[in-house]
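Report on the structure given below.
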Amino acid sequence: MIWYPYEQMKTMKKPWKIVDAEGVYLDTGEKRLIDSVSSWWSVIHGYKHPELNQAIISQVEKFSHVMLGGLTHEPVERLSEKLKSWLPGDLDYCFFSDSGSVAVEVALKMALQYYMNRGEVQRTMILALEHAYHGDTFKTMEAGDDEDYHFVLKAYGACPYVKHIPTDTAALEEVFLQYHSQLNCLLVEPLLQGAGGMRMYDIGFLKRARELCDQYGVLLIFDEVATGFGRTGHRFVADQVLPDILVLGKALTGGYMGHAVTVANRTVFDGFYDDNPEHALMHGPTFMGNALACSVALKSIEIFEKQDYMSRIHRIEAVTRREMEGFCDPRVKEVRIMGGCVCVEVKDGAVLKGYQQFAYERGVFSRPFLKYLYAMVPYVIGEEELVQVLRCMREWFAR
């Protein structure tokens, strides 16, 4: 029996079975559905992309995977070099893993050990945001702030090593003033908080965060697992404000397979580069640097560049703003739009009950959660298909 994610298995409805997928469409055999959430925001090129398919086929004919312990291979070397040249600043040192959550765990481990290696053993505290979501492994749950996902942690009581603040500059300054000597990092989903409610905030907060991290010697970590590769309307938010550690996943492989990377700058890397074996980063996911994943990631980045995906994302945002302009309803708290994301937050989550079936009947796959009805479409979506998704959202409130 399959144990499905985020579901009470006793009461969940039967999931739709997908028998084929191509472009922006999922096929159940009876219905073709536009995937309005890009398989949890990862399938940016759509399904069955011929170039991505071929990248995997070509690599699998050589080998699918070899461990990075004592071995290396061309795809992981090429992807590391590509990311080094493609990412801003001196984000040059790539530690690969097999999921976004694990990649954030690695970033947190890097931040803690960086200071332990320096003898600053008092720096045990993480600063994170309210409504944060960084994954479902244990340290990422502690760094997160969403009881709808992480209520199991109540069994342990409050964590003394994590401090949460709102995306408010005054709160940021106050917590740095009080705790700066204990902080090893500030961890944020930059500009767009995904699973915590598609919350959007101003870049001025991040700019001030960078200044304070520099002033007090604290590492700044951007979790761009969801926001990277254009989702916020920026290629990476790291292009606007430079972090010390950047975490990427989801769209890294075009949604073809699980893979992620934690990218550190020279300062962080040098904190581990030592004759002392105890200063090494003792971490090693079995499938880190998987050859198939690296090959498809390289092709995904190539397509992103050569087909000018940033222009596609700006068009998606423009069409979304046009279609949602003037939309209001007494049951709606707020409509938020940023880059390739739109969210309709309702005042009472019960308002969205039945929407998934409503959308299915209109040829759209959607997965609203809590009080949030949202779309994060594949970047290859056509205007007609995008309008179909957005009008479906509006029509729900016009019934």
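Global dimensions of the stretch 248-295 from alpha-carbon coordinates: Rg and Dmax equal 13.6, 39 Å.
Converting phi to 3J(HN,Hα) with the Karplus coefficients 6.51, -1.76 and 1.60 and the offset θ = phi - 60°, the stretch 276-288 yields 6, x, 6, 8, 6, 7, 8, 8, x, x, 3, 9, 5 Hz in sequence order, with x at every glycine or proline.
Per atom type, the chain shows carbon and sulfur on 52% of its accessible surface, probed at 1.4 Å. Shown for the stretch 244-399: lysine pairs separated by 8 or more places, or found on different chains, whose C-alpha atoms are under 22 Å apart, numbering 7. Here's the picture: charge each Lys and Arg Cβ at +1 and each Asp and Glu Cβ at -1 in the stretch 156-211, and of 200, 165, 184 the one pushed furthest to the positive end of that dipole is 184.
On the basis of the beta-carbon distance and an R0 of 25 Å, residue 130 and residue 348 show a calculated FRET efficiency of 0.75. In loop segments of the stretch 46-144 as defined by DSSP, the GluC sites (Glu not before Pro) with at most 13 further C-beta atoms inside 10 Å of their C-beta are 61. Here the Kirkwood formula, the inverse mean of 1/r across different C-alpha pairs, assigns the chain a hydrodynamic radius of 22.0 Å. Accessible surface for the chain, divided over its residues, is 45 Å² per residue with a 1.4 Å probe. Applying a DSSP loop filter and a limit of 15 other Cβ atoms within 10 Å to the chymotrypsin sites (Phe, Trp or Tyr not before Pro) in the stretch 113-188 leaves 156, 161. The value of relative contact order for the chain, using C-alpha pairs under 8 Å at least six residues apart, is 23 percent.
Between the stretch 8-38 and the stretch 118-187, the C-alpha centres lie 36 angstrom from each other. Close amide H pairs (under 5 Å, H built 1.01 Å from N) link residue 334 with 345, residues at least 5 positions away or on another chain. Listed values for the stretch 127-134 are Karplus-derived 3J(HN,Hα) couplings in whole Hz (6.51 cos²θ - 1.76 cosθ + 1.60, θ = phi - 60°), namely 9, 9, 9, 5, 6, 7, 9, 10, and x replaces Gly and Pro. Note on the stretch 261-392: with charges restricted to the Cβ of Lys and Arg (+1) and Asp and Glu (-1), its dipole about the Cα centre is near 640 debye. Centre-to-centre, using Cα atoms only, the stretch 193-210 and the stretch 356-394 are separated by 24 Å. Run down the lysines and flag those whose C-alpha is under 16 Å from the C-alpha of residue 139, throwing out any fewer than 8 positions away in its chain. Leaving aside lysines fewer than 8 places away in the same chain, those within reach of residue 139 are 109, 154, 163. Rounded to the nearest 20, the Cβ-based charge dipole of the chain about its Cα centre (Lys and Arg +1, Asp and Glu -1) stands at 1140 debye. For the pair residue 92 and residue 283, how long in nm is the line joining their label points, each one 7 Å along Cα→Cβ? Modelled inter-label distance: 2.1 nm.
The values are calculated or read from the model by the stated rules, or taken from the named source; none is laboratory data. Computed from a predicted structure; not experimentally measured. Note that each Cβ is placed from the backbone with ideal geometry, even for glycine, and that neighbours are counted across all protein chains shown. For accessibility, only protein heavy atoms count, side chains too; no ligands or nucleic acids. Shrake-Rupley method; radii C 1.70, N 1.55, O 1.52, S 1.80 Å.
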